[in-house]
Amino acid sequence: MDHEFSPAKTCKSVADEDIITNLPEALKDKILCCLPIKYAVRTCLLSRSWRYTWASMTELMFRRSDFASGNGNEKDDACRFLKFTDMFLSLHNGPILKFGLNTQGIEMLSTGGHIYRWMLKLSRNGIKEIHLRTSVLDRYKIPSCFFSCDRLEHVYLRACILTRGNSLEDLVASCPNLEQLHLSKLISMNHINIHSTKLKMLTIEGHFQHLNLHTPYLTSAVIKLNLKPDTNDALTARCNFNLSQFIASLSDVENIRLHGRILECVEHEFLIRKPQKLFNRLTDISLEINLGNPKEANLALFLFSNASDLRFICLKLNSRNSVVPPVHFWESIDSHVCLFQNVHAVGMINFTGSFAELGFLKLLLEDAPVLRKVKIRNKGLDRNVLKNLLKMRRTSKEAEIVIL
Amino acid sequence: MAATTADGSKVVGGGEKSNVDEESKMITLFSSDGERFEVTQEAAAMSQTIHHMMEDGCVDDEGVHLPNVGSSILAMVIEYCNRHVASPDEKEDIRSFDAGFVNVEHHTLFDIIRAANYLDVKELMDLCCQTVADSIKSKSVEEIRELFGIVNDFTPEEEAEIRKENQWAFE
């Protein structure tokens, strides 16, 4: 196959005839949308056909960092960015399907009304996807005009804050087509109630004390609960979650990720009933877990026993709320029950070689018939522990243990 | 696992039987100039267009005719799909493959974009459009015109007017 080299500047690559202007509008749009937005607008000078091509771009990404002049004048840069975005949106003509704002400047989202004007424009232009990313120093409340963007399918909010009268419940209710909701670095002082049968992907990461989720058709569920470092136990921090019912309701889920302190909030009761093959499509599990804590270990076992198609497991290990003396939880699992029949790859991070961790590893290696790789990231293991680890019996001949 | 023909003169693997061979799960594709390509169903399914045809049962014994895609471009698209289906987890290798893949003349790149659009291969579209965008990014207006053969049909007065109209974009 001949791949001819066309370098950027050295060779004068002059095309004999116009190869780009006659591309279908949708393709030109796509190319423009791949450009930093400033450069996309400048195509207005190329030729008459290109004069307003930029003005009908369907996917807009405004990045504050693209406007850094490098002369250290933050306020100046912020001004130019605001002016650019204002002008662009006022001259833009046509549907806007995706809008992204990536900023870290102070006052960007709170004062001056800019974000409200922009959201208003978007709500009038059929917006489907919104990404608002700011730094944790510039937290913002969800503007209420979000609630009139009824075509929204995908919302990504970083560093927003939920206070009284500003609820996710309303957002979800006013967007009947919402399929993806991602909240990162969230602070919520309020109740979080999310009821949706359309929602497919949900991420909630941040500080919150209440979570009531009814989203049974999720394919991806990611929850990470951050607590103040001196908090001992999530339950004593007056957290109120319906976590157990939520997890048990996710029959279509393909990927579950539970990190931070969230596993400390699981209630025992629901685990007593054991439905068969609950999670038929679950292939990926990632947990931040203390394998030696019976409550957390029970949840992990519940997931493993009910996910017959499980392929990838990632465990971020800790030893918070450990029980003394350690219990023989993983050793006492009935070896006839094949928990890991399709598991290919397992990662264990912060492995310390504790009793429970070794017990789990032993069970995994003995049980998983198609296991290929176990990656263990450790914080300095005793040589004897390492030796014994590597000597553990492996049912899968191809199982490889990689210690990092 | 995938067998492709660059020149289409030989059929690898399939033979005279039905071209949707259940056992090796192959499918035949015909380019606009009649050349024949055997591809695994898995690689072909990277094209949402073909994937939907397979799902809807629209693929007959003959295979799929693609009147909008010439043989040389189809061969490249198939090469891309095969590579991406083969080892999707090896990110480094795939990245360097992609970089080499788009290292072609612009008019070829646009042909691939059109084909990827018709066949609805999202990853290939994204890759090629980003490549075109990257080649525009650092250039002046005049350089961009040269690169793509765009004829400047503005009068000097028009140009000046546009610069004023969009001054905010040039600050």
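Computed over the Cα atoms of chain B, what is the ratio Rg over Rh, Rh following Kirkwood?
So for chain B, dividing Rg by the Kirkwood Rh gives 1.12.
Counting only other chains, and only Cβ atoms inside 10 Å, what mean value do you get across the residues of A:21-31?
Values: counts 4, 1, 6, 3, 0, 1, 9, 2, 1, 9, 9.
Mean shielding by partner chains, rounded to a whole number: 4.
Shape call for segment A:44-84 from the C-alpha gyration tensor, a ≥ b ≥ c root eigenvalues: rounded (a/c under 1.5), prolate (a/b greater than b/c) or oblate? Intermediate results must be reported in sequence, preceding the final value.
Working: a/c = 3.36, a/b = 2.22, b/c = 1.51.
It is prolate, given that a/c is not under 1.5 and a/b is the larger ratio.
Based on the Cβ-Cβ distance of residue A:156 and residue A:362, what FRET efficiency does E = 1/(1 + (r/R0)^6) give at R0 = 41 Å, to the nearest 0.05? Please list the in-between numbers first.
Values: r = 41 Å, r/R0 = 1.00.
With a Förster radius of 41 Å, E is 0.50.
Between 0 and 90 degrees, rounded to the nearest ten: what's the tilt of helix A:355-367 against the longest Cα principal axis of chain A?
Once rounded, one gets 90 degrees.
Report the dimensions of segment A:21-96 along its three principal axes from the alpha-carbon atoms, largest first, rounded to Å.
42, 21, 19
Give me the extension gain from residue A:189 to residue A:392: residue separation times 0.36 nm, minus the current Cα-Cα distance, reported in nm with one decimal.
Taking 0.36 nm per residue and subtracting the Cα distance, the gain is 68.3 nm.
Specify the longest stretch of chain A that does not include any exposed loop site, a site being one of the GluC sites (Glu not before Pro) with a non-H, G, I, E, B DSSP assignment and at most 15 other Cβ atoms within 10 Å.
A:108-266
How large is the helix-only mean residue ellipticity at 222 nm for chain B, computed as the sum of -39500 (n - 2.57) over DSSP H runs with n ≥ 4, divided by its residue count, in deg cm²/dmol to the nearest 500?
It lands at -15500 deg cm²/dmol.
Given the Cα-Cα distance of residue A:48 and residue A:403 and 0.36 nm per residue of separation, how much length would full extension add, in nm?
Full extension of this stretch gives 121.7 nm more.
Which whole-number percent is the relative contact order of chain B (Cα, under 8 Å, 6+ apart)?
Computed over chain B, the figure is 18 percent.
Can you give me the angle between helix A:114-123 and the longest principal axis of chain A, using Cα atoms only, in degrees from 0 to 90, rounded to the nearest 10?
So the helix axis and the longest Cα principal axis differ by about 90 degrees.
Between residue A:207 and residue A:75, how many nm apart are label points set 7 Å from Cα along the C-beta direction?
Result: 3.0 nm between the two label points.
Kirkwood Rh, Cα Rg: Rg to Rh for the protein assembly as shown? Kindly include the intermediate steps, with their values, before the conclusion.
Working: Rg = 27.8 Å, Rh = 27.6 Å.
Rounded to two decimals, Rg over Rh is 1.01.
No lab work stands behind these numbers, since they all come straight from the coordinates. Note that this is a predicted model, so its numbers are computed, not measured. Cβ atoms come from the backbone with ideal geometry, glycine included; neighbour counts cover every protein chain shown.
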